[in-house]
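Colleague: Below: one structure in structure tokens.
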Amino acid sequence: MKRAGSLAALLLAAALSVNPGHAQSEKPGVEKLYILNCGEGVAGDISRWSPGVNEGKSMDFVDTCYLIKHAQGWFLWDTGLSDAVAAMPNGLAPSDPRAVYWHRPKTLAAELDQLGVKPADIKAMAISHTHPDHIGNVEMFPTTMLYVQKAEYEWPGANNEPRFKPAHPVTKLEGDHDVFGDGSVTLLSTPGHTPGHQSLLVKLPHTGALVLSGDAVHFKSNWDNRGVPSNNFSKEQTLASMQKISDTLAKEKAQLWINHDKAQRDGLKMSPEFYD
Ligand SMILES: [Zn+2]
């Protein structure tokens with residue numbers, strides 16, 4: 001009898017060890033992440049983002065949005081260039097020829113439609129910052145709760161205009177914020193590029209942790225060399241935010257996904273494929 005009991009215990013232990021580490025009984029917080037094409041362009045002179053380096057050299061850029069399916073609802077990170085850019089036959093020329101000449105091969109509306117997601121289905125959204133290549137479609141989601149840093153929200157726009165429609169539902173943040181209360185989607189305050197720039201830490205069940213860094217950095221060599229664009233709001237804050245991201249990557253064993261880095265994005269799966 002004693003032998004049979006210990007055999008049963010052994011079998012039970014073996015059965016448990018088949019599936020170590022995965023909390024299968026818990027419903028996953030984040031279920032899927034889709035990478036959306038929110039623009040493509042060519043930067044005229046990348047020394048604009050890395051003073052003194054690669055002067056006069058142009059580089060292809062991409063503009064990326066990320067759609068996250070959480071058990072509690074859809075969450076959109078950044079909205080890209082306005083869908084109106086898709087209808088411009090020559091694209092959107094920058095006023096400074098060193099900046100990015102943008103095109104929009106697909107609209108955000110069409111990309112959501114392809115996934116069967118309606119704008120009203122988006123439960124919450126957040127933007128990394130208020131430059132036009134990130135907030136172009138915020139008003140496609142007039143009833144969606146917008147998470148933004150207070151410092152960004154209150155940063156006066158051109159002619160002292162507000163940066164968002166005052167009627168848009170908003171949660172103004174002062175620091176990091178756990179969006180769904182389960183640690184799976186966390187806004188990280190990473191000021192410097194603009195006064196209230198933020199990044200997003202996402203924890204996927206199989207892919208693992210990702211930091212979506214907005215424009216805390218624009219391309220990989222600037223990350224490796226801690227290059228700070230000359231027109232950033234604060235160089236000091238930019239460097240501190242890069243360090244915060246670096247510390248987060250180490251702590252969470254996270255990958256860094258850089259919004260505008262075409263070389264990196266070209267190696268990633270685009271919607272309708274997804275990460276889980
Ligand atoms: Zn940008």
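The values are calculated or read from the model by the stated rules, or taken from the named source; none is laboratory data. Nothing here was measured: the structure is a model prediction, and the numbers come from that model. Cβ atoms come from the backbone with ideal geometry, glycine included; neighbour counts cover every protein chain shown.
Here's the yes/no breakdown for (1) without any contact (Cβ under 8 Å) to a residue 24 or more places away in the chain; (2) over 25 Å from residue 262 (Cα atoms); (3) within 16 Å of the ligand (Cβ to nearest atom):
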position: 166; (1), (2), (3): yes, yes, no
position: 172; (1), (2), (3): no, yes, no
position: 181; (1), (2), (3): yes, yes, no
position: 198; (1), (2), (3): no, no, yes
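Colleague: With modelled with pLDDT of 95 or more and touching a Cys at 6+ places or on another chain (Cβ under 7 Å) as the only criterion, which of 146, 108, 92 stands out?
Modeller: 108
Colleague: Can you name every one of the strands (runs of 3 or more DSSP E) wholly within the stretch 63-174 that holds 3 or more residues which are within 15 Å of the chain's Cα centre (by Cα)?
Modeller: 73-77, 122-126, 145-149
Colleague: Considering only residues that are in contact with a Lys or Arg (Cβ under 9 Å, 6 or more places away or on another chain), exposed (fewer than 14 other Cβ atoms within 10 Å of the Cβ) and modelled with pLDDT of 95 or more, which ones fall in the stretch 157-191?
Modeller: The answer is 174, 183.
Colleague: Same structure again: Mind checking which pairs have a first residue in the stretch 97-123 that is on the phi < 0 side of the Ramachandran plot and without any contact (Cβ under 8 Å) to a residue 24 or more places away in the chain and a second that is among the small types (Gly, Ala, Ser) and in a helix (DSSP H, G or I), Cβ under 9 Å, 6 or more apart or different chains?
Modeller: What qualifies is 110/86.
Colleague: Next question. Consider residue 227 carefully, then state whether it is of a type outside the set (Val, Ile, Thr), in a loop (DSSP other than H, G, I, E, B) and either within 19 Å of residue 124 (Cβ to Cβ) or more than 16 Å from the ligand (Cβ to nearest atom) (or both).
Modeller: Criteria not met by residue 227.
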